[in-house]
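Accompanying notes for the structure given below.
The values are calculated or read from the model by the stated rules, or taken from the named source; none is laboratory data. Source: prediction; values computed, not measured. With ideal geometry, Cβ positions are generated from the backbone for all residues, glycine too; neighbour counts draw on all protein chains shown. Side chains included, ligands, DNA and RNA excluded: accessible areas come from the protein's heavy atoms. Shrake-Rupley method; radii C 1.70, N 1.55, O 1.52, S 1.80 Å.
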Amino acid sequence: TACSSTEKSGGSAAAADPVSGTVDIAFFGLAANNTYTQSMFKQAEETAQGMDAKVQFFDGKFDASVQSRQVQDAITSGNYDAFIIMPNDSASILPFAQQAIDAGIKVSSLEYPIGKDPASVDLQLDGLTTQVIEDVVFGAESIADSANRACEVYEGCQVAMLWGSRKLPTDAVKVPAFKDDLDPANKLVAEGDANYLEVDGFNLATDMLQANPDINLFVTVGDQMAGGAARAVTESGRTLGNKAGSVTIIGYGATTDGVEAIRAGRWFESLALVPKDMAAKVTELTIAAARGEEPSDDERSIVQNSLSPIGVMASEKSLAENPDFVGQYSTQ
Amino acid sequence: MSVQELDLNSTEAAVAPRRQIALSAVIRDFGLVAAVLALVVSLSIASPNFLSVDNFMNILNQNAYVAITAFGATLVIIAGGFDLSVGAIYAFTGVASAWLALHVGTPAALALVVLAGAAFGCANGLASRLLRAHPFLVTLATGVIISGFSVGISGGFLINASDVAGFTTIGTTAVAGIPSPVVIMIVVGIALTFLLRSTAYGRYVYAVGANPRAARVSGVRVGAVIVTTFVVSGVCAALAGLAEVTKSGVGQADASGASGLALGAIAAVIVGGTSIKGGQGAIWRTAVGVLLLALVQNGLNLLNAAPHYRDIISGLVMIVAVGLNALASDARS
Amino acid sequence: MSVQELDLNSTEAAVAPRRQIALSAVIRDFGLVAAVLALVVSLSIASPNFLSVDNFMNILNQNAYVAITAFGATLVIIAGGFDLSVGAIYAFTGVASAWLALHVGTPAALALVVLAGAAFGCANGLASRLLRAHPFLVTLATGVIISGFSVGISGGFLINASDVAGFTTIGTTAVAGIPSPVVIMIVVGIALTFLLRSTAYGRYVYAVGANPRAARVSGVRVGAVIVTTFVVSGVCAALAGLAEVTKSGVGQADASGASGLALGAIAAVIVGGTSIKGGQGAIWRTAVGVLLLALVQNGLNLLNAAPHYRDIISGLVMIVAVGLNALASDARS
Amino acid sequence: MSGDVIVELDGIGKTYGANRVLDDVSVEIRRGRVHALVGENGAGKSTLGRIIGGEVPHSTGTLKVDGRSVHQGSPREALARGLVVIQQEPTLVPTLTVEQNVFLGQEQPSVGVVSRRRLRERFERLAARLPFALDPQALVSTLSIADQQKIEIMRAVARDARVIVMDEPTSSLGVRETEVLHDVVRGLCREGVAVVYVSHFLEEVLEIADDVTVLRNGRRVACPDRDRLTVPALVEAMLGRPVGAVFPDRSAVDRSADPVLVVDGLSTEAVDDISFRVWPGEVVGLGGLVGSGRSEVLRAIFGVDRRHQGTVTVGGEPVRSGSVQAAIARGIGLIPEDRADEGLLLGLSQKVNLTLTHLRRLCFAGVPRASLETPMVTSLLTRLEVRPLDPRGRVGNLSGGNQQKILFGRWMTETPRVLLLDEPTRGVDIGAKVAIYRLIAELSASGVACVIVSSDSEELVGLAHRVHVMRRGHIVDTVEQEHLSVHSIMSIALGVVEGAA
Ligand SMILES: Nc1ncnc2c1ncn2[C@@H]1O[C@H](COP(=O)(O)OP(=O)(O)OP(=O)(O)O)[C@@H](O)[C@H]1O
Ligand SMILES: Nc1ncnc2c1ncn2[C@@H]1O[C@H](COP(=O)(O)OP(=O)(O)OP(=O)(O)O)[C@@H](O)[C@H]1O
Ligand SMILES: O[C@@H]1[C@@H](O)[C@H](O)OC[C@H]1O
Ligand SMILES: [Mg+2]
Ligand SMILES: [Mg+2]
């Protein structure tokens, strides 16, 4: 960048002057060890390249306090014109995001909102450039609807649910949303936390099948856990597929592997997440804002489903209609 | 001749060793301080924004909760114990104080969670005394149980008490320009330093850590001393939880910073030069330990090091710090 | 008569306590086994699907990596050490083996990562010997460094080696109906049992853990013994990593199970009744410890327990287990 | 050939930091001879032994083994040269058995594997040479110090050593075991082994030594030729001055008043139905063999161990069972047997160790006052002749005898009504011993009731007004002052003369 660093660190509440040279962006990822984050970051880098901007990655290590420090330290460093934050904790990052905005830095949030209600899709922070986020409640309702559809082929459908971690607020809100939308005729016979991990999904699903041999459907909030569940199904000698006598899977993420499994008829559906499209969007809007071009009002809060080229769920049908679609990140 | 006459040359060798011990104590104590200074200088050169009152205040404010927890852990470790439950107590405090604030108001909430911290600490101490089990496993287990309580209270949801009158006062106000969490940290640090250095209780803490059997035969109430160190640690973890949760006003079972807190606090204690074997150590050492680790993180953030370099550098710094401590205690013996 | 003529046994050596020790050893050893049996019975009643060969095999297969790691940790702990880096070594093995498999093929990859485990263990041992620092902090630090290597190799992405010939063989095949990871666990368990019980090296491990000075003056190479226990631990963590990564064939820097592995393995060792103070313990104890904790998790899965009850129950079981060990060693003295 | 020099120390010096512990010491250790090393506490005897045994390196001078100059970096190297040390404090592995300890480091494994059967055979052969009656399968953690000392001895003998340094091997042993050991020493010498014998029992030294080296403040001092050597001459060489009567006069005891300590029907795991009383100013000895339960009696009175039955009263007030604080509050004090394990906080300072027990008395609002504590500590350390006198120095760096003085000093900050002393002069040099005897006499003269357990029967004979002799956990007989002799105590202890129970 041509700007001197003192100018960037400004520190005053006054809005910063539009950047004319290269825009420097700090990207605060959930964690470096996370393919979802990495896929978003790579896209952000790519998008930035075409717009004379540079993106630097910060590893949040899935720890909100680590991330808060990084945000604060990045403000201090005075090296950045804009922040893209994937909050590990929507609430505790709030004062630091505010500090950044006060310092004249453009702040956008990605994947989750910044604010005291992580489940809301409303803007919660004045001065936030934009938020491109997942609607977690809608997501939970969507997989419940999907489960209801999958259950049509099963007599007295038995459903098992693999959560990520119900200790996380973003997961906790999914629980009632999912249960409310699940048709009472379809029985939720087992649920547990598999920590967004393939192996934990495998272990938990194995135990669930042991306790409830007649499970027809595994619903998950992450494709990596869905992959583990699928492995548990086949290793227990059952077959995968949405037909009587087989067990099927609902994923969350529409990863490369999930998309492949749906196309092959092994899984039923997977909620479509489009991290690349989200990252591209947020990066574009943020760079533009740094150059003095604020987003329009309806670009201030963008729910990811609206970006998905294949609709809410990756299903046999939606994928057939979009033969070129490949997952935007991989888990397994 | 009588024994009284045997009063000769009893102190001939007495004076010489003193100076040498003093010299090595300097190496020991200031070796680490020198490391911190070296870090400060190199960070100032590497990043022009490092050396500022603001940045320094930020570092302190960011790490106040770690320091407060680590101060409590220092007592436990000097007494020969170990407390892995502090992360869980810290998180519990956040959730419970927010929940309580919504139901009984801020002052009662603050008082109750500090009491809860004391109660958890007491349970830790009693359990490890009664079961005669090493506190490592006991506090690992109680930590898991306390996490269960947190989830039980919150159901995994956020508890937003930011609108309850006074709840965010601690976290968002400053006293004479110093953020309140930092003030709490300083007060706790001074209080515990006094307790350890100047009171009879403090001496018992060292005695119990150095040799619990001998302490018992010397008439020290070993059990009571150990239990109270855990109480102090529990209270400190609760204060740390309050210092953090009142920044946003939102409590959460999976609280920010909780997962690595216990190991992080213990690491800071040891990096500072307090012996994990007990019987030796000081609060100021822990403060230096926290500062060293915090400066490294701050520096890496300012310089925006790549994730894998960050890890490698953080680990190496810890190892160098222990190495310095070892060198220093070599010089001592 | 002179004193020399008094030809009696001059020490009133106590022969009686022997039987008492034997009896209490039974309580001690089988107290925990009884707890495991009680758990098995109640789970069989609570969940009709619990008592089956399949379920048992599942439990073993799910926990083989924990057991293998914990077996290695047992040696380190008996020798008075502590290894917090095993989680990082385990994760590194997953990432590195997948990466290597893609570049140099399966056999070389497997061999190299086991060597790397040994090298990391050796570094742990040497660092804590040379710095005369407690391995707690040293292995915490090396763990952070090794994690950095993992991120460096993978860049945070998955490394999919599932299509490399032979890479998933270990994880997906069975020997005589027993999954290979379980076979590895059994082989490692037997080998380390033999090492500890029947070899001079094993005896030195106990001696070094109980009283390093006594071992040293007896001519035991204390440093070499300690370093080799860390090497064993590193190799075990690598084997555990292989046992898991070859199930899916995909390596990942934050491998499943890595974060809690070190504390989980140590917990299993202590729950089994091996003393964290060193000098005492056995591999079979660790096996019982792993089994107990695994059964609890399995039972909670089968019974669909809510998250907070899971935590509270897991924690309580650990405390009961230490309590049983304490009772038993009470009976002993 | 007897008389060959195996180890030659030539101008050896050793410093710890700035502390010169050995200075220009030259000694020759010869084949088939017992070389005694005597000197005050802290004179450097153990340090010399540790240098021979490779545990610590020497700082200056040359150490020659078989005429070749060596610099030993570890005990392992010394062991390989046949140089073995019996440590002053038993240095064993508590979690291993007797047998495993005896053969630790010399298991003679084949392909790494230890043969239990062969070890058993070797142990039996060894037990035949050294009749110490130890159960090879017993865990060391359950044994008394005396038994541990025996293991140390067996271990050294099992090594087929050429030189054995015995650092106060008999400090915890009874008369009988001492005899056994001396027979063994003579036997070893006949086989050509050189023995370096460190002891504070000077009669013992004169009985067994062929050569004598006296150390004072880390330097070798001249002493008379071996054949003209007497105990007083040795003492004078050690201390640089003669010492008068070893035992002070006993003060008279008035038994018409009430006894201060009354123990009635006391039973624990190890002792049964123990009853006795002690009057103010009286010194009561507990005699008996090692393991007869004497220490257990003191521990039960002091509340370290729980009583099963029986009462303890001080001045008519009952003392609660199992509480050390209660015992201290009633005015009881204990000097425990194992100073490293239960006595001292080795890592902490002289000051902390001295004032720990009665710290509250020096406190204002929980804060010890330096104006009270510092002068008290300095005067006590001076009075006890602790060397080096350094209130802030670690007790662990003191020599064994000086550590014992610190332990003693703990009960001089506040005079107790009853002082229980378990082996109070173990490892203490003759000068300090006399000082301690004098302290005991002073305390008893001022009305303190003392109960002393000692394996040095002479000590009981010289100090006690009365000795209760124990056997297998019972008091089997009592010997009054006028009948006291080593023989009378030992005969009862061994059961040769059956006394009334
Ligand atoms: N590790 C150490 N550091 C510093 N000083 C030490 C250390 N070990 C021993 N000393 C000092 O060395 C001197 C000699 O000690 P040593 O143990 O050799 O005496 P000793 O003659 O065996 O005495 P004792 O009869 O009491 O056993 C003492 O002044 C002691 O305080
Ligand atoms: N913790 C223990 N477990 C088993 N036996 C013990 C234990 N402590 C002591 N003993 C045994 O109890 C008996 C009495 O020991 P005690 O120490 O009282 O004897 P003592 O007469 O004082 O002899 P010493 O001179 O060895 O102190 C001994 O046989 C000893 O081995
Ligand atoms: O792994 C993904 C997680 O990081 C994101 O937050 O939600 C969807 C998951 O598949
Ligand atoms: Mg000595
Ligand atoms: Mg005794």
ask   = How many square angstrom of accessible surface are buried between B and C, both sides summed, with a 1.4 Å probe and rounding to 100?
value = 3200
message = At 1.4 Å probe size, what's the solvent-accessible area of A:LEU197? Round to the nearest 10 Å².
response = 30
key: Net length gained if the chain between D:VAL70 and D:ALA252 were fully extended (0.36 nm per residue, minus Cα distance)   = 59.6 nm
remark   = The farthest towards the positive end of the charge dipole of the protein assembly as shown, of the residues D:ILE489, A:SER306, D:LEU92, given +1 on Cβ of Lys and Arg and -1 on Cβ of Asp and Glu, is D:ILE489
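Place a +1 charge on the Cβ of each Lys and Arg in segment D:346-414 and a -1 charge on the Cβ of each Asp and Glu, then give the dipole magnitude about the Cα centre in debye, rounded to the nearest 20. If you can, show how the numbers build up before the last one.
On the way: 10 positive and 4 negative charges, 14 e Å.
The calculation lands at about 60 debye.
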ask   = Given R₀ = 25 Å, FRET efficiency for D:ALA18-B:LEU327 by Cβ-Cβ distance, to 0.05?
value = 0.85
inquiry  = Need the list of aspartates and glutamates near A:LYS179 for cross-linking: C-alpha distance under 14 angstrom, and skip anything on the same chain fewer than eight residues off.
reply    = A:GLU141, A:ASP145, A:ASP171, A:GLU191
note = FRET efficiency for C:ALA174 and A:SER306 from the Cβ-Cβ distance with R0 = 41 Å, rounded to 0.05, comes out at 0.30
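At a Förster radius of 60 Å, what calculated FRET efficiency corresponds to the Cβ-Cβ distance of D:THR142 and C:LEU130, to the nearest 0.05? Walk me through the numbers on the way to the answer.
Details: r = 36 Å, r/R0 = 0.61.
About 0.95, to the nearest 0.05.
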message = How high is the relative contact order of segment D:140-207? Use alpha-carbon pairs under 8 Å, at least six apart in sequence, and give a whole percent.
response = 37
request  = With a point put 7 Å past each Cα toward its Cβ, work out how far D:ALA365 is from D:ARG186 in nm, to one decimal.
outcome  = 7.0
query = How many times 2.2 N^0.38 Å is the alpha carbon radius of gyration of chain D?
reply = 0.99
remark   = Taking D:PHE247, B:PHE136 and ranking on accessible area (1.4 Å, protein atoms only), highest first, one gets D:PHE247, B:PHE136
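Let's see if you can work this out: charge +1 on each Lys and Arg Cβ, -1 on each Asp and Glu Cβ, no other charges. What is the dipole magnitude of chain D about its Cα centre, in debye to the nearest 20? Provide the component values of the computation, followed by the final result.
Details: 58 positive and 63 negative charges, 272 e Å.
Rounded to the nearest 20 debye, it is 1300 debye.
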ask   = Using alpha carbon centroids, what distance separates segment A:121-180 and segment D:71-111, in Å?
value = 67
request  = Using just the helices of chain C, give the 222 nm mean residue ellipticity in deg cm²/dmol: DSSP H runs with n ≥ 4 each add -39,500 (n - 2.57), and the total is spread over all residues, rounded to 500.
outcome  = -25500 deg cm²/dmol
inquiry  = Can you give me the long-range amide H partners of D:ASP429? Hydrogens built in the peptide plane at 1.01 Å from N, cutoff under 5 Å, separation of 5 or more residues or another chain.
reply    = D:ASN41
request  = For the protein assembly as shown, restrict the atom set to alpha-carbon positions and state the Rg and Dmax in Å.
outcome  = 36.0, 116
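Write down the percent of antiparallel bridges among all DSSP beta bridges whose residues are both part of the protein assembly as shown, to the nearest 5. Walk me through the intermediate numbers first.
Numbers: 52 of 128 bridges.
So the antiparallel bridges in the protein assembly as shown amount to around 40 percent.
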message = Quick check for you: with a 1.4 Å probe and neighbouring chains kept, what is the accessible area per residue of the protein assembly as shown, in Å²?
response = 35
ask   = How do A:GLU316, D:GLU269 stack up against each other in accessible area, from largest to smallest, with a 1.4 angstrom probe?
value = D:GLU269, A:GLU316
inquiry  = For segment B:154-211 and segment D:169-192, what is the centre-to-centre distance using only Cα atoms, to the nearest Å?
reply    = 62
query = Too long at a 30 Å Cα-Cα cut-off: which of A:LYS61/A:LYS317; A:LYS167/A:LYS317; A:LYS317/C:LYS247; A:LYS61/A:LYS276?
reply = A:LYS61/A:LYS317; A:LYS167/A:LYS317; A:LYS317/C:LYS247
remark   = If every Lys and Arg gets +1 and every Asp and Glu gets -1 at its Cβ, then about the Cα centre the protein assembly as shown yields a dipole, in debye to the nearest 20, of 3860
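Any idea what the alpha-carbon Rg over 2.2 N^0.38 Å comes to for segment D:1-147?
It is 1.22.
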inquiry  = For chain B, set up a GNM with springs between Cα atoms under 10 Å and report which of B:LEU102, B:LEU131, B:LEU261 has the largest fluctuation.
reply    = B:LEU131
ask   = Put +1 on the Cβ of every Lys and Arg and -1 on every Asp and Glu Cβ in segment D:5-244; which of D:GLY105, D:ALA133, D:VAL212 then has its Cα farthest towards the positive end of the dipole?
value = D:GLY105
query = Quick one: if you stick a label point 7 Å off each Cα along the C-beta vector at C:ILE190 and A:GLN98, how many nm between them?
reply = 6.5
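So what are segment B:176-313's ellipsoid semi-axes, whole angstrom, largest first, if each one is the square root of 5 times an eigenvalue of the alpha-carbon gyration tensor?
Values: eigenvalues 193, 71, 42 Å².
They are 31, 19, 15 Å, listed from largest to smallest.
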note = Sorted largest first, the C-alpha extents of chain B along its principal axes in whole angstrom are 84, 53, 38
request  = Could you work out how far the C-alpha centroid of segment A:259-332 sits from that of segment D:259-302, in angstrom?
outcome  = 86
message = Taking a point 7 Å out from Cα toward Cβ as the label site, list the nm distances between B:ALA34 and the same residue in every other copy, smallest first.
response = 6.0
request  = Rank B:GLY209, B:GLY223, B:GLY189 by mean-square fluctuation in a GNM of chain B with C-alpha springs under 10 angstrom and give only the top-ranked residue.
outcome  = B:GLY223
query = What is the antiparallel percent of DSSP beta bridges lying wholly in chain A, to the nearest 5?
reply = 5
query = How about D:LYS405: which aspartates and glutamates have a C-alpha closer than 14 Å to its C-alpha, ignoring those fewer than 8 places off in the same chain?
reply = D:GLU40, D:GLU337, D:ASP338, D:GLU385, D:ASP390, D:ASP422, D:GLU423, D:ASP429
